[in-house]
């Protein structure tokens with residue numbers, strides 16, 4: 001697999017103080033203000049954290065003992081991330097013997113850790129566009145999922161991170177090129193490839209992110225943060241509605257499992273009922289969409305039926321729980337009938353199937369999708385759909401700015 005090419009940007013004149021991020025009080029009360037205060041990031045919101053300041057940090061200034069309070073977590077994370085150190089995600093929980101150093105001095109363990117998804121969301125909300133792009137690039141190089149739709153912060157709209165992803169270049173070897181040892185490469189924003197989405201309905205008992213790591217991370221790499229990682233059990237405050245994306249890239253081994261062509265994989269965090277704009281967006285741009293659920297009540301049924309004709313691209317992923325599953329099975333079958341779905345579009349995890357075994361069922365369904373569907377899409381082409389659904393796009397849509405962005409990307413390719 002090839003490395004992504006880093007993007008060279010002009011420095012910004014602004015600079016922040018790295019060791020002491022002062023606290024401001026210009027945000028309205030709410031989860032975002034509470035979290036930014038907890039992380040010492042109030043002064044940097046919105047979009048005041050710059051790439052130039054962070055590029056001036058050298059490797060020698062990074063210490064594994066640096067995280068002695070939650071206010072040290074954002075800088076530690078960014079320092080590690082910018083040198084493509086995958087351990088950057090291990091800083092979200094304070095050591096027990098150092099917990100008293102934190103600003104909050106009670107016994108509540110929630111005050112001594114931050115949810116990893118909240119940390120990432122907060123940093124993207126505080127970063128300027130150049131730092132967002134660098135963060136996305138380095139996260140991709142670490143084989144982490146990156147934000148595709150960013151939650152709105154104090155605004156009312158989520159944001160499609162088109163500009164932030166423009167620097168990501170990838171190489172892959174489709175199965176068709178396995179004998180010739182050839183490979184393809186491209187900018188991930190422009191590539192027309194299948195787009196597979198995973199969402200959940202209410203509190204599904206299947207761990208969606210862990211399952212995705214089994215399927216796309218070869219069971220050994222945590223592409224998507226989950227509850228068993230550092231910062232995975234802390235309550236999420238602001239990252240509901242975050243849509244992460246990663247890319248599966250084949251390496252040419254047609255008999256080694258996996259998928260024959262590259263895929264974009266999207267993962268919506270939180271319940272689709274609370275993130276209907278993001279869910280609607282995903283249903284319209286996806287080649288296939290997998291909905292994880294335990295049951296479907298009347299309000300949820302109405303939401304699903306409001307999607308209109310989904311054809312065969314809707315898949316229901318259901319957890320079987322013995323006697324408790326009877327009502328769930330009835331409600332799921334009603335949805336199957338309403339959408340005229342085939343039996344293959346319902347994937348049931350039986351009580352004797354562990355996560356690894358069940359992941360094979362999902363992989364088989366995806367391979368069948370790739371055989372039967374010709375639907376492909378680029379992230380670039382999603383911008384118009386986002387605007388239709390009142391989702392903002394992180395770069396100005398004037399022709400001049402689009403040309404400037406394309407010139408930058410072209411310059412990367414010529415290096």
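Shape annotation for the range 159-386: C-alpha extents along the principal axes are 53, 40, 37 Å, from largest to smallest.
Highest-first packing order for the peptide set 196-204, 178-186, 268-276, 363-371 is 196-204, 268-276, 363-371, 178-186, based on the mean count of other beta carbon atoms within 10 Å. For the peptides 282-293, 350-361, the ranking by packing is 282-293, 350-361, with the highest mean count of neighbouring Cβ atoms within 10 Å listed first.
For the range 159-386, relative contact order (Cα pairs under 8 Å, six or more residues apart, normalised by length) works out to 26 percent. Rounded if a/c is under 1.5, else prolate if a/b is larger than b/c, else oblate: which is the range 207-311, with a ≥ b ≥ c the root eigenvalues of its Cα gyration tensor? In terms of gyration-tensor shape, oblate.
Ordering of 338-344, 117-123 by packing is 117-123, 338-344, highest average first (other Cβ atoms within 10 Å, averaged per residue).
Calculate, in nm to one decimal, what residue 86 and residue 233 gain on full extension: separation in residues at 0.36 nm each, minus their alpha carbon distance.
Additional length available on full extension: 51.0 nm.
What shape does the range 320-389 have by the C-alpha gyration tensor, where a ≥ b ≥ c are the square roots of the eigenvalues, rounded means a/c under 1.5, and otherwise prolate means a/b greater than b/c and oblate the rest? Prolate is the answer for the range 320-389, as a/c is 1.5 or above and a/b outweighs b/c. Extension gain for residue 309-residue 261 works out to 14.6 nm (0.36 nm per residue, less the C-alpha to C-alpha distance). Shown is the FRET efficiency for residue 143 and residue 355, computed with R0 = 22 Å from the Cβ-Cβ distance and rounded to the nearest 0.05: 0.65. I need the shape label for the range 224-280. Rule: rounded when a/c is under 1.5, else prolate if a/b > b/c, else oblate, with a, b, c from the alpha carbon gyration tensor. The shape class here is oblate.
Stretched out straight at 0.36 nm per residue, the stretch from residue 371 to residue 298 would grow longer than its current Cα-Cα span by 22.8 nm.
Coordinate-derived values only; no laboratory data. The model shown is predicted, which means the values in this text are computed figures rather than measured ones. In this analysis, Cβ positions are derived from the backbone assuming ideal geometry, glycine residues included, and neighbour counts consider all displayed protein chains.
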